[in-house]
Structure formats: structure tokens, C-alpha cells
Amino acid sequence: MARKKVCFVLPSLHGGGAERAAVHILNALDPTVWDRSMYLFRREGAYLDAVDGGIVLSSGDVSSRVRRWTALRRHFVATRPDLIVSFLSYLSVLSAASAARIGARVIFNQQTPISAFLTDQDYHWRRPWHRRVFSWASRYGYRKADAVVATSAGVADDLAAAFSVPAGHIHVIHNPIDLDAIAAAAGEATDPEHASAWQTPVIVAAGRLADAKNYPLLIEAVALLRMRVPARLVILGTGDLEAPLRRLVAEKQMEPVVTFAGFQSHPWRYITRADVFALSSRYEGFGNVLVEAMACGVPVVATSSPGTREIVTDGVDGLLVDRHEPQAFADALARVLEEPGLRARLAAEARRSATRFALPIVAGQYDGVFREVLA
């Protein structure tokens, strides 16, 4: 039987959770069953080198939206994929596939709750009506897609409740983690310039420096924590808010104990050395890095949101903080750092719990949905 052509479409392969998940999933699909390809609006990003050599990688590399859309449509006409999976830029992908008239099925991969995205300060809506138009267009687009993969039940519930997407149209599949890659990279040395940061206890956080990740909450919580525990903080990631976050650290007189270590393609070599991993996001659709920290055998403390509640069982394999406030977060961090027995128990359970999201398991679930949509 001829292989089915599947094409993943993304804006780029910059260092985000959706981009990493897309590369992992496409790499893991059976190449004897799937003729795999990936199309990028821009051929750039930290994960380009991670794409499997058997995957055909194409790109448009055009600036204007019209030219970008036209290039995508032409690509679909030329390659005629059977299945198109869109990670972000959903409406552009859907309309280009429709205009190509090739009969391809289209799946949206939804990483975050759309309701949260519409209020996210990282996305600057120049006019209120822009948000309304986007919301209306999303309702239309999600119903026209052949299926939607949501990364958590919380994301699926938001699609059904706020955007009237039929529940039977949505498949919940968590993002995968590559346990072998994490285990291999965890043993690597950290960069020499960050050696001074490893004076225990150490808290590690990772993710883009953006409003949704709520790093001010974490920094203020660590400032309160240090009244009880002489903890240090290492932050992995880059983003537009780096300058104001550095100013906040300076205002709190914490510059000697806070390290901004930048983007790390292998963050696990830092995470595995942590006494606790912290995630202070306003919301998470899933929280890839949280699972990766658990796979490293590190106890985790996270703010409660739809994505984190699906990963962490509070008090069993991590701690969840319902009140997104510095004192509440500081108290949770203190519990882990001050109670060695709790820390050891959470770490052991976290490592076991993370195996639920192993790459072969998740890739098999995607394979099943793809076959169902094409049937």
C-alpha cells in the first residue's frame, strides 16, 4: 500500500513548546507508513537541526502575508499531501489547503486555550474589533477543520465551551517527551559561565520570557523565600521581557543570586541539577517543560491551570499553587526545600509519572487519529 503524505505546517522552528512537539511527533511517525514533510513560513529556528533526515523540509521565506499564503497554496498544489497538520497559523493553512483543491484533510493542533490567548498581553491587538474578528474567524475555522488535536482536556473544554467546537471533533493528545534524549542530555555539563549558580539550594525555571509565563511572580516569590531559605534562581529562556525582568531582579537586590542563562537547546542539563523546578505561568495548555523536569527526577512546583492540572497530581508527584500570588508560591517552594522526605518522594513519583508522556506512546496516538481522519 502506498504511503500517505502528511505535511506539518509551522511559522518557523524557533524554540517554543509547539515547535518542539511538532518535530518530535513527525520524527517519530513510521516512515514506512507515512511520507513525511514539513513546511515552514520561514526556514529558521533552534530546532531545524532536530528534524529527521528522512523528512522533506520546505519553506516559503517570504515577508508579506499575501505572498506567504500564495507560496503555501502553491506548495500544496505541487506536493499534494493527503493530510495537513497545522501548528499555529490555522486559518491561513486551512484557506490555502481549500484553495489548492487537492482534497487534503486538515487537522489543527491546539496547544493553548484560545480564550487565554485572546487576553494574552504578548499579542498586541491594535483594535478591540481585531480580537472580535479573530474570535469569529476561529469559530468558523475550527468547525471547518477535519479534526482538532488538543494538548489537554482543559484546552478541549475551552474549544467546546467558548468556540462551540463539537466534542466529537476534538481529540485530546498530550505533547510527547523524548525520554532517551533527556537522559542523554541530563549528563552533559552546564556552560562554564554559569558555574557559580550551582550553590544549593537552586531553583530552575524555563520558558520564553513573556507575559504568559509570569516571571515577576516567580522572582517576587523567590525574594520572599530567601527570608527563610538561601535559595538561588536560574532562568532558562529568552524573550522581549528580559530587560524588565532584569530590572525587577535589581530592584529586589537579587542580582548575585539570579542567573539568566538564555535559551538552551538541551535545558535538561540545567534542570537535572535543580533542587526544585518552578513554573509560574498565568496559564498553560499543557506545559512541556514541566513534564521534562519530572522526567529528570526533579520535584516540581507549578501554578494551577488547565494544562498543569493534567500533568501534576498535587502532593503526589509535585505541588500545585491555586493562588497565583508570590507568598503562596514561596510557601510551596519552601515546603519542598525544607522537607527532604517530601522532596525525595515527589521526585521519585515525578519520574514515574512522566513516562505517561513518552514519545512512542504519543506518536502512536497521533498515528491513530491520522488514520481515522483519512479513513
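The numbers here are math on the coordinates, done by the rules we state, and not lab data. In this text, all values refer to a predicted model and were calculated from it rather than measured experimentally. When we count neighbours, we look across all protein chains shown, and the Cβ atoms used for this are built from the backbone with ideal geometry, even at glycine.
Entry for the chain at q = 0.09, 0.10, 0.14 Å⁻¹: log10 I(q)/I(0) = -0.52, -0.65, -1.22, Debye formula applied to identical alpha-carbon scatterers, no solvent contribution.
For segment 23-69, the mean projected area of the C-alpha convex hull, equal to one quarter of the hull surface, is 3.7 nm². A helix-only calculation puts the chain at -13000 deg cm²/dmol for mean residue ellipticity at 222 nm, using -39500 (n - 2.57) for each DSSP H run of at least four residues, averaged over all residues. Partners of residue 213 within straight-line reach, counting lysines whose Cα lies under 24 Å from its Cα and excluding those fewer than 8 residues away in the same chain: 252.
Could you list 39, 140 so that the one with the fewest beta carbons within 10 Å of its beta carbon is first and the one with the most is last?
Ranked by crowding around the Cβ, least crowded first: 140, 39.
Computed over segment 179-356, relative contact order equals 25 percent, with contacts defined as Cα pairs under 8 Å that lie 6+ residues apart. On full extension, the segment bounded by residue 180 and residue 50 gains 45.4 nm, given 0.36 nm per residue less the C-alpha separation.
Run through every distinct alpha carbon pair of segment 131-184 and return the Kirkwood hydrodynamic radius in angstroms, one decimal place.
Numbers: mean 1/r = 0.0800 Å⁻¹.
Answer for segment 131-184: a Kirkwood hydrodynamic radius of 12.5 Å.
The order of 280, 86, going from fewest to most other C-beta atoms within 10 Å of their C-beta, is 280, 86.
Count neighbours as other Cβ atoms within 10 Å of each site's Cβ, and list the chymotrypsin sites (Phe, Trp or Tyr not before Pro) in segment 260-349 that are DSSP loop with at most 15 such neighbours.
Passing sites in segment 260-349 are 263.
Distance from the alpha carbon centroid of segment 61-94 to that of segment 278-356 works out to 38 angstrom.
Going by alpha carbons, how many degrees (0 to 90, nearest 10) lie between the helix axis of 215-225 and the longest principal axis of the chain? Once rounded, one gets 20 degrees. Diffusion of segment 142-242 by Stokes-Einstein, at 20 °C in a medium of 1.002 mPa s and with Rh set to the Kirkwood radius over alpha-carbon pairs, works out to 123 µm²/s. The shape of segment 296-342 comes out oblate: with a ≥ b ≥ c from the C-alpha gyration tensor, a/c is at least 1.5 while a/b does not beat b/c.
Sorting 144, 5 by the number of Cβ atoms found within 10 Å of their own Cβ, with the fewest placed first, yields 144, 5.
Whole-Hz Karplus values for segment 242-252 come out as 4, 4, x, 5, 5, 5, 5, 4, 5, 4, 7 Hz, taken residue by residue from phi with 6.51 cos²θ - 1.76 cosθ + 1.60 and θ = phi - 60°; glycine and proline positions read x. Extending 7 Å from Cα along the Cβ direction at residue 348 and again at residue 195 yields two label points whose distance is 3.5 nm.
Starting from a Cα-only point model with no solvent, please compute log10 I(q)/I(0) by Debye for segment 179-356 at q = 0.08, 0.09, 0.10, 0.19 1/Å. Values, matching the q order: -0.20, -0.26, -0.32, -1.34. Measuring nothing but how far apart in sequence close Cα pairs (under 8 Å, 6+ apart) lie, relative to its length, the chain scores a relative contact order of 15 percent. Charging the Cβ of each Asp and Glu at -1 and of each Lys and Arg at +1, and nothing else, the dipole of the chain about its Cα centre rounds to 1460 debye.
Peptides 179-191, 352-364, 20-32, 288-300, ordered by how many other C-beta atoms sit within 10 Å of their residues on average, highest first, read 288-300, 20-32, 352-364, 179-191.
Report the net charge of residues surrounding residue 230, where surrounding means a beta-carbon distance below 14 angstrom and charges are Lys +1, Arg +1, Asp -1, Glu -1.
+1
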